[in-house]
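Engineer: Have a look at this one.
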Ligand SMILES: [Zn+2]
Ligand SMILES: [Zn+2]
């Protein structure tokens, strides 16, 4: 008794493959293709919203986050600016000494004014 097989076409690699039944359930030829399909599903739609201008765009690759090089540059400049601000906050403020002497000068001047 020969086992009958049915030819299906893999929806991922488009190669024909054999399955024991004509069921539409057989869409994938191998585990590799099943995995590939899972990846594609997880990836979802290939559109993303630009965090800079808010435009929806189609990604050309997974790493792309901004709609254009213009927006990518703006984003980078903004991040550099944020970094600069953070660095500035971390540093001890060099103006403290000057502020203190300015305050002393102000207090002295006020005392003189009160005395006058
Ligand atoms: Zn396949
Ligand atoms: Zn943009």
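Engineer: Estimate the FRET efficiency between residue 56 and residue 34 by the formula 1/(1 + (r/R0)^6), using the beta-carbon distance for r and 25 Å for R0, to the nearest 0.05.
Structural biologist: Plugging the Cβ-Cβ distance into 1/(1 + (r/R0)^6) gives 0.25.
Engineer: Evaluate the chain: find the radius of gyration of its Cα atoms, find its Kirkwood radius, and give the ratio Rg to Rh.
Structural biologist: 1.57
Engineer: Which whole-number percentage describes the relative contact order of the chain, with Cα contacts under 8 Å and a sequence gap of 6 or more?
Structural biologist: 11
Engineer: Also, I was wondering about something else. Once you have the alpha carbon radius of gyration of region 35-90, what is it after dividing by 2.2 N^0.38 Å, with N set to its residue count?
Structural biologist: Relative to the rule-of-thumb radius for its length, region 35-90 sits at 1.51.
Engineer: Would you kindly state how much longer the chain becomes between residue 80 and residue 105 on full extension, computed as 0.36 nm times their sequence separation minus their alpha carbon distance, in nm to one decimal?
Structural biologist: So the chain would gain 5.2 nm between residue 80 and residue 105.
Engineer: Can you give the extra length, in nm with one decimal, that the chain gains between residue 13 and residue 113 once fully stretched, where that is 0.36 nm per residue apart less the Cα-Cα distance?
Structural biologist: Gain on extension, residue 13 to residue 113, equals 27.0 nm.
Computed from the coordinates by the stated procedures, all read-outs in this text should not be read as laboratory data. Keep in mind the model is a prediction, meaning the values are calculated, not measured. Every residue, glycine among them, receives a Cβ derived from its backbone with ideal geometry; neighbour counts consider all protein chains shown.
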